[in-house]
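Everything below concerns the one structure shown next.
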Amino acid sequence: MKSGFVSIIGRTNAGKSSLLNALLNEKIAIVSHKQNATRRKINGIVMHEGDQIIFIDTPGLHKSDKMLNQLMISEAIKSMGDCDLIVFLASIHDDTSDYEKFLTLNPQKPHILVLTKVDEVKNEAVLAKFSKYQKFQTHFAALMPFSTKQKTYQKPLLEQICKLLPEHEYFFDPEFITNTNEREIFREFILEAIYENLSDEIPYSTDVLVDKVVDKTDITEIYATIITEREIHKSMIIGKNGETIKRIGIHARKLIANLTGKKVFVKLVVVVKKGWSKDENMIKKINNY
Ligand SMILES: Nc1nc2c(ncn2[C@@H]2O[C@H](COP(=O)(O)OP(=O)(O)OP(=O)(O)O)[C@@H](O)[C@H]2O)c(=O)[nH]1
Ligand SMILES: [Mg+2]
């Protein structure tokens, strides 16, 4: 029996959270076409033929001067040290430079290189890209294609991962799909709803805190606070006649109900906390870094 921790690493927007959700067959991680969607790591537990893989989804690696982003990157790098195996993800569109940068970080754990979004290009382009990565073959344990759109890629990847995991009894109950607190997942879903419903700039200076979850037999009630930097952002989040915040609430409710299979009520309030995204202590407090 095997059980171990696998960090999913790669640049922002590579498709890390999407890969986790696909392998879980359940959506627990925030996904967005916008950059830097994942801010906090989230764990997904996948059972494969008697072995247990605990995936750690991490914030994307990217260069940034912003305090929040720097702390996000250091979380990702920390997670590479804490795992048994790394899955480095690059999209089929990316050149090899991100992977080369990853190698310069001198990862101390074995890694599988996964090229994802292969559904978006022709087979010949996939082969051509694979041959470009071949020159790094002494570094990776395996090089594999992936796409969230085609299930056929899942089994070979899971098999390859299990081969490289240590013998160990299960770390978690095999019935669980995550050991991340459900509040944290609700929080990610509310943040995803904000990414979906507001223009580019605002989500990055915004975060969500779940204040209270009341689990009744027929409904889950979630009370959360959206924090943002400026009064003007607050009024944009609320929108004319409260229309935007209503849309955010509906969107979040759907994401959460899909996961819990129960009716969900979401109550959101918005507060302004000036400068929070530049304040290291505040960010650490909000994110449990
Ligand atoms: N066509 C296609 N799109 C994908 C695939 N995987 C991810 N995407 C899309 O790529 C975008 C980014 O996906 P995410 O999973 O949020 O990427 P990420 O690496 O977690 O990004 P960060 O959290 O910002 O670091 C989203 O719009 C996804 O829908 C795939 O296999 N095929
Ligand atoms: Mg992500």
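Of all residues in the range 165-201, those being surrounded by fewer than 19 Cβ atoms within 10 Å (Cβ to Cβ) and assigned to a helix (DSSP H, G or I) number 5. Suppose the filter is in the same structural domain as residue 109 (by TED's automatic domain parsing) and open to solvent by less than 10 Å² (accessible area, probe 1.4 Å); does residue 91 pass it? Considered against the rule, which asks whether it is in the same structural domain as residue 109 (by TED's automatic domain parsing) and open to solvent by less than 10 Å² (accessible area, probe 1.4 Å), residue 91 comes out as yes.
The residues of the range 143-164 that are surrounded by fewer than 18 Cβ atoms within 10 Å (Cβ to Cβ), in a helix (DSSP H, G or I) and not aliphatic (A, V, I, L, M), listed by number, are 151, 152, 155, 156, 159, 160, 163. Residues in the range 218-246 that are of a type in the set (S, T, N, Q) and either closer than 17 Å to residue 201 by Cβ or part of a helix (DSSP H, G or I) (or both): 228, 235, 241, 244. Checking 73, 77, 54 one by one, the residue that is surrounded by 20 or more Cβ atoms within 10 Å (Cβ to Cβ) and either of a type in the set (Val, Ile, Thr) or assigned to a loop (DSSP other than H, G, I, E, B) (or both) is 54 and no other. Taking every residue in the range 208-230 that is free of Cβ contacts under 8 Å to residues at least 12 places away in the same chain and pairing it with any residue that is in a strand (DSSP E or B) and open to solvent by less than 20 Å² (accessible area, probe 1.4 Å), at least 6 positions away or on another chain, the pairs with Cβ-Cβ distances below 9 Å are 212/222; 212/224; 214/220; 214/222.
I need every pair where a residue in the range 148-166 that is in the same structural domain as residue 52 (by TED's automatic domain parsing) has its Cβ under 6 Å from the Cβ of a residue that is assigned to a helix (DSSP H, G or I) and within 12 Å of ligand 1 (Cβ to nearest atom), sequence separation at least 6 or different chains. Note: pairs meeting the criteria are 148/18; 148/22; 149/119.
The values are calculated or read from the model by the stated rules, or taken from the named source; none is laboratory data. All values derive from a computational prediction rather than experimental measurement. Note that each Cβ is placed from the backbone with ideal geometry, even for glycine, and that neighbours are counted across all protein chains shown. The area values use the complete protein model at the heavy-atom level, side chains included, leaving out ligands, DNA and RNA. Shrake-Rupley method; radii C 1.70, N 1.55, O 1.52, S 1.80 Å.
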